[in-house]
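Here's the structure, in structure tokens; my notes come after.
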Amino acid sequence: MPTPLKIRDKVFDWKESPFLMGIINVTPDSFSDGGESYTIESAIRKAQELIDAGADIIDVGGESTRPFSEPVPEEEEIKRVIPVIKEIRRSFPEAIISIDTYKASVAERALQVGADIVNDISGGQFDPRMLDVVREYSCPYILMHIKGTPKTMQINPQYTNLLKEIKEYFLQRIEEVERRGISIENIILDPGIGFGKTFEHNIEILRNLHIFHDIGCPILIGPSRKSFIGEIIKKPPKERDGGTAGVAIFALLKGAHILRIHNVALVNDAIKVFKYLWNK
């Protein structure tokens, strides 16, 4: 079991998993909720909704990384997320906030105004200064696997041995972050559902999460409303929350520690009922 992680006054004891990460996309173009939290006022309402629903972490992002998306200039990303993080911190002093970015300058500004965690889809590959920022602030760091970039990742992604390659990637990146002075106890691993993965790849990862356990880091899974769920239930993104709840419970059984979710209330209720029945 990974070492418990303390952030502010909250202890993430991984025996009590899963913890829920609620999503706030301060973007006009995210695949499932673009524009819903694009103003400070709407983002704060969303933060209140997520906290009331039981979110343990609020994940704020200012750039859509859906397949084939174009990058957002760092000045625009900063303009989108920094006022929102400032206001969340002011309105909810005890909230745990993560910044969803692969840009070091955005992460640094976010940490300066109250973010606690850096959630980096590139695992430090896209911006070489990112790991320096994480080291300087001694913050938890979500290290994700991605093949390609958001613009290219879904153009025929191929692997010789999917699980082996992801695990080797994690081990190599952990070696690099430790070399840069970052404690492995601050690392959370995300195998990157939907990021350079086909339907079959996503299913294989979920069914075999256990192979990452011996690395010793908590595992985050971000399945919410993604296309592989749509392929199973034949519904558009905003109608995939029930399917997401099914994946969440399956991931819990397979050893996921954090679930990144849009509809926290629904998933939290599903997990509470499941745990009650399972423990009885």
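Annotations for the structure displayed:
- Modelled this way, with points 7 Å down the Cα-to-C-beta line, the labels at L266 and Q112 are 3.9 nm from one another.
- Residues in segment 226-239 carry Karplus couplings, in order, of 6, 5, 5, 5, x, 5, 7, 9, 6, 9, x, x, 5, 9 Hz; the curve used is 6.51 cos²θ - 1.76 cosθ + 1.60 with θ = phi - 60°, and Gly or Pro positions show x.
- For segment 84-187, the fraction of alpha-carbon pairs lying more than 18 Å apart is 51 percent, rounded to a whole number.
- Modelled FRET efficiency - R0 25 Å, K235 with E200, Cβ distances, 0.05 increments: 0.80
- Mean-position separation - Cα centroids, segment 182-250 and segment 100-165, in angstrom: 16
- Coarse-grained scattering of segment 130-280 at q = 0.21 Å⁻¹, given as base-10 log I(q)/I(0) from a Debye sum over alpha-carbon atoms: -1.36
- As a proxy for reagent exposure, ranking T101, T198, T27, T152 by other Cβ atoms within 10 Å from fewest up yields T152, T198, T27, T101.
- Here the relative contact order of segment 5-279, from alpha carbon pairs under 8 Å that lie six or more residues apart, stands at 18 percent.
- Here the Karplus curve 6.51 cos²θ - 1.76 cosθ + 1.60, taken at θ = phi - 60°, turns the phi angles of segment 45-61 into couplings of 4, 5, 4, 4, 4, 5, 5, 4, 7, x, 5, 8, 9, 10, 9, 9, x Hz, with x standing for Gly and Pro.
- Relative pair counts by distance (%), Cα atoms of segment 142-206, 5 Å bins: 4, 17, 28, 23, 15, 10, 4, 0
- In straight-distance terms, cross-link reach from K238 covers every one of the aspartates and glutamates whose alpha-carbon lies under 16 Å from its own, apart from those fewer than eight places away in the same chain; here that gives D29, D33, E36.
- In terms of its Cα atoms, segment 201-243 spans 36, 16, 13 Å along the principal axes, sorted from long to short.
- Computed log₁₀ I(q)/I(0) - Debye formula, equal Cα scatterers, no solvent, segment 5-279, q 0.14, 0.15 Å⁻¹: -0.97, -1.15
- Distance between modelled label sites at S183 and K10, nm, 7 Å Cα→Cβ extension: 1.9
- Here the simple spin-label model places points 7 Å from the Cα toward Cβ, and for D214 and S105 these points are separated by 4.3 nm.
- The slack in the chain from V273 to K86, taken as 0.36 nm per residue of separation less the alpha-carbon distance, amounts to 63.8 nm.
- For segment 106-112, Karplus couplings with θ = phi - 60° (6.51, -1.76, 1.60), whole Hz, Gly/Pro x: 5, 4, 4, 4, 5, 5, 5
- Pairs beyond 32 Å (Cα-Cα), from K151/K275; K10/K254; K6/K235: K151/K275; K6/K235
- Only Lys, Arg, Asp and Glu carry charge here, each on its Cβ (+1 for the first two, -1 for the last two); on that basis the chain has a dipole of about 600 debye about its Cα centre.
Here, each number is a calculation from the coordinates, and none is a lab measurement. Remember, it's a predicted structure, so these values are computed and weren't measured experimentally. Cβ coordinates were reconstructed from backbone atoms using ideal geometry, including for glycine residues, and neighbour counts include every protein chain displayed.
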